[in-house]
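The values are calculated or read from the model by the stated rules, or taken from the named source; none is laboratory data. The model shown is predicted, which means the values in this text are computed figures rather than measured ones. Note that each Cβ is placed from the backbone with ideal geometry, even for glycine, and that neighbours are counted across all protein chains shown. The area values use the complete protein model at the heavy-atom level, side chains included, leaving out ligands, DNA and RNA. Shrake-Rupley method; radii C 1.70, N 1.55, O 1.52, S 1.80 Å.
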Amino acid sequence: MYRWEKIDNSKVCLEIEVPSGEVNDALDKAYRKMVKTLSVPGFRKGKVPRKVLESRYGPEIFYNEALEILVDPVYSKAVKECQLEPINRPEMELVQMEKDKPLIFKITVDVKPEVELGEYRGITVKQVKKEITSKDVDRYLNSLREQHGRLVTVEDGELQEKDLAVIDFEGVINGEPFEGGKAENYSLELGSGTLVKGFEEQLLGARKDEQREVKVTFSEDYTKEELAGKEAIFTVLVKEIKRPQFPELNDAFVQELTEEFSTLEEFRADVENKLKESLRNREKMSLESEIIEKVAEEARVDVPEILVERELDNIFGEIEYYLRMQGLSLEQYGRLVEGGLEKLREERREEALKRAKANLVLDAIIKKEAIDVSPEEVEEKIKEVVQNQEVDFAQVKEQFAKQGRLDIMAHEMRYRKVIDLLVENANIVEVEEEDKGDTGGEDVEATAANQEEKEEGVAPEE
Amino acid sequence: MRNPRDIIIEPLVTEKSTAQMEEKKYSFVVDKKANKIEIKKAVEEIFGVKVKDVNTISVKGKPRRVGVHRGYRPSWKKAIVTLHEGSKPIEIYE
């Protein structure tokens, strides 16, 4: 028997009553379970009669155990029947629990808030059309060349940008040497900005075995406080100049890179195709996220705090993942950023809110459009994934089922479907690429990211 | 008569004694010097039941040793009281 009422938009209070018969059954079960662990003098373990236990410890000892047996199934049944969608662990308040009497308890739980959907068909979004030009291909090929560059020692020449200089240096402040101001055989890449600002620039044009004096001022917010804002004079000896030399862009280079292609033309065409593909992917993704954002903007929903927090946790999980790839832990990173992790969390709150809202809105649309994924579809998907690997389909499926991955997959596929639906119904306006000045930065970044991706595909590790 | 509570010291709750309750037999630890008639009267008075029979056993204390000192646990008397068929049961677990 259930009664439920909404406390506010996203909180529900359920009052549940369980008949006394079920209560007694549960108490019985609880006794049979607990008797195995309790010992009373005069009785062997597991042989203590229930009456003896009750008179010794009081009848309450079985309540906790019985509650565990009772509450879970009843609660989930009630949730299903009332069509609630809880989003966190429920809080329970016991009203009545006694032998031979019905059990009554109250449960308060956060549920998915109701979403007031706005217009989600025919959303108008702008899409910037970009094309891969031969320039982009050139740029990519050039970056490949640079990566495969070799350092050649220059005996007779001046230091240039991008050269690697092996130097000894010793710095003084007001005539006094200071800590960290001295090094020998230090490899410095000019233009990399590893040393204090101005240091590298002043070395340009130096020759081998030349000694130079370099004057720099530490910035006000330099990491070492005692050095910040001070002026230092470094005596630098250039011991060696190494210059990267890039391979010629020709058939030979292509052959060295990959076995797939033997001529530059072929390789170029392939690169162009791959760049195009990844551009299209990126366009698709940004289009999708834009549509989702718009749809979410149209909808009205109070996002419960707990969902925002959860989304924040997700974001941090992602951050941690990226950090780990760079060999950093989240804690270490927290010490590096200003204000620590708390501030970072605060900064990301808005993004989390947006994401949480988008999820809620998508869920609402899924519900409204009655989008569903059948088990067969999930199976298809697994087959697709499995296809390229030498694993047994049935085995994988069983394993997935055990890990609860099937549900997750179905969930993802529902999202996929609803996003496709939104895109299909969206009104996409193609616009020409805007001023270079505006999108330029983004463009370069995107291309760089793209190249990283591509590398794995084009030039396998040797 | 002595106070019946001085004769019946405590109910004996063990696996065996609990099983015997099915046959209306209740076990008690009783005063060592008490005889069956005294026990019968004491049980009838305390619990308000009708006693059919009383069996007693003197339980000898078990030998115990603490370091070099040897000794015995105290001996005690156990009484198994059988109630009349019509009598109401004794509620030991109160």
With the other protein chains left in place, how much accessible area per residue, in square angstrom, belongs to the range A:255-450 at a 1.4 angstrom probe? 66 Å²
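Per residue, how much accessible area does the range A:1-160 show when a 1.4 Å probe rolls over the protein heavy atoms, in square angstrom? Mind dumping the intermediate values first?
Working: 9600 Å² over 160 residues.
I get 60 Å² per residue for this part.
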Normalised per residue, the volume inside the convex hull of the alpha-carbon atoms of the range A:346-412 in Å³ amounts to 120 Å³
Pull up the cross-link candidates among the aspartates and glutamates for A:Lys397, meaning alpha carbon to alpha carbon under 13 Å and not fewer than 8 places away within one chain. A:Glu376, A:Glu377, A:Glu379, A:Glu380, A:Glu384, A:Asp407
Summarise the partner chain shielding of B:13-22 as one whole number: the mean count of Cβ atoms from other chains within 10 Å of each residue's Cβ. 4
Point-to-point label distance, A:Asn314-B:Glu10, nm (Cα→Cβ direction, 7 Å offset): 6.2 nm
Quote the charge dipole size of the range A:255-450 about the Cα centre in Debye, to the nearest 20; the model charges only the Cβ of Lys and Arg (+1) and of Asp and Glu (-1). 880 debye
Quick one: pull the percentage of alpha-carbon pairs in the range A:2-110 with a separation above 19 Å. 49 percent
Check B:Ser27: other-chain or 5+ apart residues with amide H under 5 Å from its amide H, H built from backbone geometry? B:Leu12, B:Val81
Report the one residue of A:Pro375, A:Pro177, A:Val295 whose Cα lies farthest in the direction of the positive end of the charge dipole of chain A (charges on C-beta: Lys and Arg +1, Asp and Glu -1; origin at the Cα centre). A:Pro375
Distant-in-sequence amide H partners of B:Lys77 (H built 1.01 Å from N, under 5 Å): B:Val30, B:Lys32, B:Val59
For A:Lys367, A:Lys354, A:Lys276, give me the order by solvent-accessible area with a 1.4 Å probe, most accessible first, ignoring ligands, DNA and RNA. A:Lys367, A:Lys354, A:Lys276
Let's see if you can work this out: charge +1 on each Lys and Arg Cβ, -1 on each Asp and Glu Cβ, no other charges. What is the dipole magnitude of the range A:308-369 about its Cα centre, in debye to the nearest 20? 180 debye
Here, chain B modelled as identical Cα point scatterers in vacuum has Debye log10 I(q)/I(0) at q = 0.12 Å⁻¹ of -0.40
Treating only Lys and Arg (+1) and Asp and Glu (-1) as charged, each at its beta carbon, one finds that chain A has a dipole about its Cα centre, in Debye to the nearest 20, of 3180 debye
Quick query: amide H of A:Gln127 versus all other amide H atoms, modeled in the peptide plane; which residues come in under 5 Å with a sequence gap of 5 or more or a different chain? A:Val429, A:Glu430, A:Val431
Note: A:33-46 gets an average of partner chain Cβ contacts (10 Å, Cβ to Cβ) equal to 1
For the range A:187-303, what relative contact order do you get, as a whole percent, if you take Cα pairs closer than 8 Å and at least 6 residues apart? 14 percent
Along the dipole axis of the protein assembly as shown (charges at Cβ: +1 for Lys and Arg, -1 for Asp and Glu; origin at the Cα centre), the most positive-end residue among A:Val386, A:Leu14, B:Asn55 is B:Asn55
If each residue of separation counts as 0.36 nm, what is the full-extension length gain between A:Ser143 and A:Gln387 once their alpha-carbon separation is subtracted? 84.4 nm
Enumerate the calculated ³J(HN,Hα) couplings along the range A:307-321 in order (Karplus 6.51 cos²θ - 1.76 cosθ + 1.60, θ = phi - 60°), each rounded to whole Hz, writing x wherever the residue is Gly or Pro. 5, 4, 4, 5, 5, 4, 4, 4, 4, 5, x, 5, 4, 4, 4
Here the alpha-carbon Rg of the protein assembly as shown over 2.2 N^0.38 Å rounds to 1.70
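Can you put A:Phe267, A:Phe43 in order of accessible area, largest first, using a 1.4 Å probe?
A:Phe43, A:Phe267
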Determine, from the Cβ-Cβ distance of A:Asn250 and A:Asp168 and an R0 of 56 Å, the FRET efficiency 1/(1 + (r/R0)^6), rounded to the nearest 0.05. 0.90
Find the sum over both chains of the accessible area lost when B and A are paired, probe 1.4 Å, and report it in Å² to the nearest 100. 600 Å²
Once the mean 1/r over all distinct Cα pairs of the range A:150-245 is inverted, what Kirkwood radius in angstroms do you read off? 13.6 Å
Do the alpha carbons of any pairs in A:Lys135/A:Lys294; A:Lys77/A:Lys101; A:Lys11/A:Lys402; A:Lys129/A:Lys162 sit beyond 26 Å of each other, and which pairs? A:Lys135/A:Lys294; A:Lys11/A:Lys402; A:Lys129/A:Lys162
Percent of Cα pairs exceeding the 26 Å cut-off, where the set is the range A:255-450: 58 percent
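Which percent of the accessible heavy-atom area of chain A goes to carbon and sulfur, probe 1.4 angstrom?
Carbon plus sulfur share of accessible area: 46 percent.
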Among the listed pairs A:Lys45/B:Lys50; A:Lys130/A:Lys242; A:Lys383/A:Lys417; A:Lys29/B:Lys50; A:Lys47/B:Lys60, give every one whose C-alpha distance is greater than 28 Å. A:Lys45/B:Lys50; A:Lys130/A:Lys242; A:Lys29/B:Lys50
For the range B:39-46, take each phi angle, set θ = phi - 60°, evaluate the Karplus expression 6.51 cos²θ - 1.76 cosθ + 1.60, and give the result in whole Hz per residue in order, putting x for glycine and proline. 4, 4, 5, 4, 4, 4, 6, 5
Name the shape class, rounded, prolate or oblate, that the alpha-carbon gyration tensor gives for the range A:103-218, where a ≥ b ≥ c are the square roots of its eigenvalues, rounded holds for a/c under 1.5, and otherwise prolate holds if a/b is larger than b/c and oblate otherwise. oblate
So if R0 is 30 Å, what FRET efficiency would A:Glu225 and A:Glu293 give, r being the distance between their Cβ atoms, rounded to the nearest 0.05? 0.10
Just read off the accessible area of A:Arg139 with the full protein assembly in place, 1.4 Å probe, to the nearest 10 Å². 100 Å²
From highest to lowest solvent-accessible area (probe 1.4 Å; ligands, DNA and RNA excluded), B:Ile80, A:Ile428 read A:Ile428, B:Ile80
Applied in sequence order to the range A:336-351, the curve 6.51 cos²θ - 1.76 cosθ + 1.60 (Karplus, θ = phi - 60°) yields integer Hz couplings, x standing for Gly and Pro, of 7, 7, 5, x, x, 5, 4, 5, 4, 5, 4, 5, 8, 4, 4, 4
